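The values are calculated or read from the model by the stated rules, or taken from the named source; none is laboratory data. Computed from a prediction, not measured in an experiment: that's the story for all the values here. Quick reminder, even Gly has a Cβ in these numbers, built from the backbone with ideal geometry, and neighbours come from all protein chains shown.
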Amino acid sequence: MMNMVNLIKKQKLVLISVIITSLVATGFAFAQGEKKAEEPQVIKLSLADALKMAEENNPQVALSKLAVEKAELAQKELKYREKKDKESEEESNNAPSLGLPQIDMFKISTSDFDYKYNMEMGKKNAEFGLKMAQAGVEATLRNIRFGVEAAYYGALAARDNVKIAQDALKRQEELLKIAEVKLKAGMIAKRDLMDAQVQVARAQAAVSTAELGKQKAYINFKKLLNIDLEKEIELTDAFDYKPAENAVDLNKLIEDAQQKRMDIVEAQGKLDIAQLDFDLTSKVYPSNTFKYKEKEYALQEAKMNLENTKQDVEAEVREILLDLQEAVANIPVLDKSVEMAKESLRLAKLSFEAGMMRRVDVSQAEETLKQVELQRNQAICNYNLAKIRLENVVYIPVSGGISTGAGSTSTPGGFPSQNELQNTGSATGGALY
């Protein structure tokens, strides 16, 4: 009886152990399943997804908005300071005289030239700083979008180059099979077979090179989006070529750019400050003084800088439009070239199989097709890049370097940083207080 009880207890313990082990294994499997569900192996990205992610992850957006708040605060502080100075002056003037000598060195006089000069220049600089900060928000967003679009198109081009190289490899492998059959039939020399093998090896190397180029383009793209470089991504969009229905109005583009471009807004703002500086100074200092000449030269320099900036902007707009027109002209020609190269390769393969053409001539036809396909792929990439550059050149410079990576410390597009915007007053000769 005692042995039976012990046996039952042992069976229960074994059953409990099995249940616990099953639960643990199930829980582990469930946790692993959840983890896999939460962390997709491949991140699929359309261009719209990439733009949204860039705007959310790039700290420059928050910094540019913070710069607006700081500029607004500077304006409020200046107005508050002016109000307090006037109140202090009124109190001083209305204070009863005790028969003691006045100590004028500690007395504020809002009618003094130095006070008026500093206050007027401070207001102008604060106004300019706010205007630049507000324009900087839009410029930052445009730079981020422009950088992401350019990187996306570059990654698409690299991806398509891999496909073109892979297709070329398949064609070379087909030619190698034909050469092997013809060698067995005694129709070609062994040297021709060896040449076919070399062409396959070259095509394999070209695929490897294209893969490396794709990896580099994807790394640059992931850096812009602040994506873990170990993560795999898949671009879901494809290159698109849609010729514009309406012709671009060059004069309208130039006119818009000269009104909206941030570098022109900056140059115009500095000219306005220099003009005010000269107007205030010339009321007190005659034309034969150093101070007068100093402000006069600064004004002339600001005028020249504005004109040079306008000329640079016009030149940039014209060049980008020419790039777009060149790409538009090249794509139809390359479409026909690809079509003709495919037909030439088809006829060359038939002639080779019939013993009417050398294998090296067929290989040359295949190489021509590959090169034309690569040129067409690059032309479509250039077209899309020129299109987004033309869309943005009205607002920001797009010919220089772009810095939109997460964690960047400088404002994208070559504009002044947020700290530089805050120091605009000191850079233009006027004190804020």
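Structure above, values below:
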| item | result |
| --- | --- |
| Only one of Ala274, Ala341 that is among the small types (Gly, Ala, Ser), farther than 30 Å from Tyr241 by Cα and surrounded by 13 or more Cβ atoms within 10 Å (Cβ to Cβ) | Ala274 |
| Residue match in region 285-293 (condition: part of a loop (DSSP other than H, G, I, E, B) and in contact with a helix residue (DSSP H, G or I) (Cβ under 7 Å, 6 or more places away or on another chain)) | yes |
| Filtered residue count, region 141-176, keeping only those that are surrounded by 19 or more Cβ atoms within 10 Å (Cβ to Cβ) and of a type in the set (D, E, K, R) | 6 |
| Count - residues of region 356-384 that are in a helix (DSSP H, G or I) and more than 30 Å from Glu319 (Cβ to Cβ) | 12 |
| Residue identified as touching a Lys or Arg at 6+ places or on another chain (Cβ under 7 Å), at pLDDT 90 or above, part of a helix (DSSP H, G or I) and more than 30 Å from Ala274 (Cα to Cα) among Val333, Val338 | Val338 |
| Lone qualifier among Ala210, Ala179, Ala206 - being surrounded by 16 or more Cβ atoms within 10 Å (Cβ to Cβ), at pLDDT below 90 and in a helix (DSSP H, G or I) | Ala179 |
| Any hit, region 232-247, residues being closer than 30 Å to Pro332 by Cβ and of a type in the set (Phe, Trp, Tyr) | yes |
| Residues located in region 296-305, provided they are without any contact (Cβ under 8 Å) to a residue 24 or more places away in the chain and either surrounded by 14 or more Cβ atoms within 10 Å (Cβ to Cβ) or touching a helix residue (DSSP H, G or I) at 6+ places or on another chain (Cβ under 9 Å) (or both) | Glu296, Gln300 |
| Residue count for region 344-374, restricted to those that are touching a residue at least 40 places away in the same chain (Cβ under 8 Å) and surrounded by fewer than 16 Cβ atoms within 10 Å (Cβ to Cβ) | 4 |
| Gln311 being more than 30 Å from Ile380 (Cβ to Cβ) and crowded, with 18+ Cβ neighbours inside 10 Å | no |
| Hits in region 77-86 - residues which are out of contact with any Gly (no Cβ under 8 Å at 6 or more places or on another chain) and surrounded by 11 or more Cβ atoms within 10 Å (Cβ to Cβ) | Glu77, Lys79, Arg81, Glu82, Lys84, Asp85, Lys86 |
| Whichever residue in region 314-327 is surrounded by fewer than 17 Cβ atoms within 10 Å (Cβ to Cβ) and of a type in the set (A, V, I, L, M, F, W, C) and, among such residues, is farthest from Val394 (Cα to Cα) | Leu322 |
| Single condition Pro243 does not satisfy, out of (1) exposed (fewer than 13 other Cβ atoms within 10 Å of the Cβ); (2) assigned to a helix (DSSP H, G or I) | (2) |
| Boolean, Val265 is closer than 30 Å to Ala302 by Cα and in contact (Cβ under 8 Å) with a residue 60 or more places away in the chain | yes |
| Neighbours by Cβ (under 6 Å, 6+ apart or cross-chain): first from region 220-238, among the β-branched types (Val, Ile, Thr); second in a loop (DSSP other than H, G, I, E, B) and modelled with pLDDT of 90 or more | Thr236/Ser46 |
| Residue within region 219-238 that is small (Gly, Ala, Ser), surrounded by fewer than 16 Cβ atoms within 10 Å (Cβ to Cβ) and in a helix (DSSP H, G or I) present | no |
